[in-house]
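Inspection log for the structure reproduced underneath, given as structure tokens.
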2 protein chains.
Amino acid sequence: MGTPQPSRQPTLDEVAALAGVSRSAASRVINNAPHVSRAKREAVERAIAELGYVPNPTARALATSQVGSVVFAMPNDDPAAFGDPFFAQVVRGVSAELAKTDLELMLVAAPSPHGRDRLRRLVRARRADGVMLMALSGDDPLAHLPEETGIPVVFGGRPLHVQPRWYVDVDNRASARLAVEHLLRTGHRRIATITGPLDTDVATARHHGFRDAMAEAGLPADRVAAGDFTETGGAAAMTRLLDAFPDLDAVFAANDDMAAGALRVLRAHGRDVPGDVGVIGFDDLPAALHTDPQLTTIHQPIEALGREMARMLVALLAGERPCPIILPARLVERDSVRARPLTG
Amino acid sequence: MGTPQPSRQPTLDEVAALAGVSRSAASRVINNAPHVSRAKREAVERAIAELGYVPNPTARALATSQVGSVVFAMPNDDPAAFGDPFFAQVVRGVSAELAKTDLELMLVAAPSPHGRDRLRRLVRARRADGVMLMALSGDDPLAHLPEETGIPVVFGGRPLHVQPRWYVDVDNRASARLAVEHLLRTGHRRIATITGPLDTDVATARHHGFRDAMAEAGLPADRVAAGDFTETGGAAAMTRLLDAFPDLDAVFAANDDMAAGALRVLRAHGRDVPGDVGVIGFDDLPAALHTDPQLTTIHQPIEALGREMARMLVALLAGERPCPIILPARLVERDSVRARPLTG
DNA sequence: TGACCCCCCGGGAGCGCTTCCAAATTGATC
DNA sequence: GATCAATTTGGAAGCGCTCCCGGGGGGTCA
């Protein structure tokens, strides 16, 4: 509260003067550093309260060369990236974790080359102390941001060909395997998969998981169609699968959107889900509840992903050297897979 | 390009030294201020290129007391605010406009009291030069941010009881009227409305538009149920309407989500849309294409809203005194309204 | 009582930039 | 060729903070 400060905020000097101490002492109180007597500390605190003093972050940044904010970059090709519920959840986690610190969060969308330049400029000018970067596809040049700029960068997911020093990821391979194993366990044998774009790590990892499970079961893993993580792409891929492998009895889609597309096409072709064909997705976004039937899928800890990214970055800024984190995912059984009698 | 700067960025002094001019001159070149000879200007530019110099925004901020970034705040109660396609579009517009300047955009979610405090602290500490604030409901204390802090604030939509100095809004009243007039023109007479929460300006304005049109047509405007802008709320309201006014032949829902809810309930009650009942929504979000039948609705220029907010804030920061802006919306005819024969 | 240490304290030098101001230069004019 | 205005120039004072450092002041131990 205090009286409203019409234009000029009080400065540390004014606080010091009012408290009758040196500026250094006042500074120590604010940063609660040691070596200040109880009496002076209290005097300063009183002065701060009376003046309604708020430290000027800019001045502090100049003196410490730490700006006190971090950026979360969304290099999504999808122009609607901001509306993407996946990102929304990640950001929520990031935000929650950062709220515990006094770091400010800057969200920047860097979908276009132009946006990427903007991000790069931002980082070069050190307008942020650190960066969180989401899953880059293929040979995105942004993957080299850490070396280029020397700024701490935490990746969410891994770029395809670069092994970043610091990242948080979901165990896509093992989780995909989990999904396929569920299909196997429930008696499916002629299992197909709809992959994501294979120039991303997520998609290839999930595809590997599919192959792992099939190999272990001694089954062929050649019923494959590539999608692009969209509903439409999933539908198209499903159409091709149905065409090439009319006998399939289950499909593992590398994400929920594609699974939804597959569901649509299966119904259009008169295949009952889960009666004739079992379908399993990946992500467990809210949309998975709105398909008909409700989608059995792999639940990713998306918010936790964001939280861990933020936590890792904070650790990094504090000079620690955290380890990469691989988050587990789990199966969520709903209605698109049902146990079926074993047939040849 | 240039050689990679391992840790320390070059400073203005170094540029000046290399160019053989004073720091003041170098500064003038950078801010392309007048009073620099052609020769020196070029020398400085060469030095900048050679050193790969990037001005330090923090230092500049301290000297000018302008930090060079603005914040867009989303005081949405919906915890999934970030995923909201409406906000996504606004942000896209803001972002596009700001890309023309060298202002940085900070997105802050301020749904909780805690988040609001964070925003307030941010502003008090002058970590931003200006604020864009979206539609506040009821008596949100954030509505007084401008007076409290003296910082330039542009509103998107208007708070209910406060007339802000600077805002961009859609002409909700006139547009709602447009919607209802369309219903009238197509031969509907027993028209009901599902309003939004009436502690918001949007909702009351759209309700007024409904009443305007009905009054003009000499029809009663008493078929009213309040919703909350959600699909579920819309469905509940529709149920109540059907109960109280079984003879209704059309409904104007104050947004698309509620219209979707209404559609669902109407179908469940065996009413054909548009055959028995015409339904019209408001917003024209992407979801309006995914209802069955596709929704006739009012298209809001959402991205333009964001663009204009940003443009206005930029003008404000440049010391201009822009006028509030009211954006027009337009009717989009799809399949949920059909011309019907006039009956008593 | 003197030597030594540990705290507390304030002075002051930055951090990298903008900007005022007075001095120096230029050029045009009589 | 001298005078005056217009332009260009660099010195220096900040912006508000952090943090190093050296100077006391009080305690402890021989």
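Here, each number is a calculation from the coordinates, and none is a lab measurement. These figures come from a predicted structure and were not determined experimentally. Positions of Cβ are generated from backbone atoms using ideal geometry, with glycine treated the same way; all protein chains shown enter the neighbour counts.
Charge tally for A:Lys40 (other residues, Cβ to Cβ under 11 Å; Lys, Arg +1; Asp, Glu -1): +2.
Charges at C-beta only: +1 for Lys and Arg, -1 for Asp and Glu. How large is the resulting dipole of chain B about its Cα centre, in Debye rounded to 20? My answer is approximately 1060 debye. Of B:Arg206, B:Arg330, B:Arg158, the residue with the greatest mean-square motion in the GNM of chain B, using alpha carbon springs below 10 Å, is B:Arg330. Sorting the segments B:233-239, A:101-107 by their residues' average number of neighbouring beta-carbon atoms within 10 angstrom, most packed first, yields B:233-239, A:101-107.
May I ask for the net charge around A:Arg8, where only other residues with Cβ less than 12 Å from the Cβ of A:Arg8 are counted and Lys, Arg are +1 while Asp, Glu are -1?
That works out to 0.
By the beta-carbon count within 10 Å of each Cβ, the least crowded to most crowded order of B:Ser112, A:Ser95, A:Ser137, fewest first, is B:Ser112, A:Ser137, A:Ser95.
For the stretch B:154-175 versus the stretch A:87-146, the spacing of their alpha-carbon centroids is 32 Å.
Between B:Ala315 and A:Ala49, the modelled label-to-label distance comes to 4.5 nm, taking each label 7 Å out from Cα in the direction of the beta carbon. Counting every C-alpha pair in the stretch B:244-344, the share spaced more than 15 angstrom apart comes to 65%. Within the same chain, aspartates and glutamates fewer than 8 places from A:Lys40 are excluded, and of the rest, those with a Cα less than 16 Å from its Cα are A:Asp13, A:Glu14, A:Glu50.
Take the protein assembly as shown, drop everything but the C-alpha atoms, weight them equally and run the Debye formula without solvent; then report log10 I(q)/I(0) at 0.09, 0.11 Å⁻¹ to two decimals. Results for the protein assembly as shown at q = 0.09, 0.11 Å⁻¹ read -0.93, -1.22.
Per residue, the Cα convex hull of the stretch B:170-290 amounts to 92 Å³. Ordering B:Ile48, A:Ile280, B:Ile151 by the number of other Cβ atoms within 10 Å of each residue's own Cβ, fewest first, gives B:Ile151, B:Ile48, A:Ile280.
Fewest-first ordering of A:Ser24, B:Ser336 by other beta carbons within 10 Å of each residue's beta carbon gives A:Ser24, B:Ser336.
Take B:Thr230, push a point 7 Å out from Cα through the beta-carbon direction, and compare it with the same point in every other copy: 3.0 nm, smallest first.
Counting from the shortest, the label point at B:Asn32, 7 Å from Cα toward Cβ, is 5.1 nm from the same position in each remaining copy.
Amide H to amide H distances under 5 Å link A:Thr296 with A:Gly281, A:Arg334, A:Asp335, A:Ser336, A:Val337, where only residues 5 or more positions off or on other chains count and H is placed in the peptide plane. Near A:Ala310, once Lys and Arg are set to +1 and Asp and Glu to -1 for all other residues with Cβ below 10 Å from its Cβ, the sum equals +1.
What is chain A by shape, rounded, prolate or oblate, if you read a ≥ b ≥ c off the alpha carbon gyration tensor as root eigenvalues and call it rounded for a/c under 1.5, prolate for a/b larger than b/c, and oblate otherwise?
On the way: a/c = 3.06, a/b = 2.76, b/c = 1.11.
Prolate, since a/c reaches 1.5 and a/b exceeds b/c.
Counting only DSSP H runs of at least 4 residues, each contributing -39500 (n - 2.57), and dividing by the residue count of chain A, the helix-based mean residue ellipticity at 222 nm comes to -13000 deg cm²/dmol.
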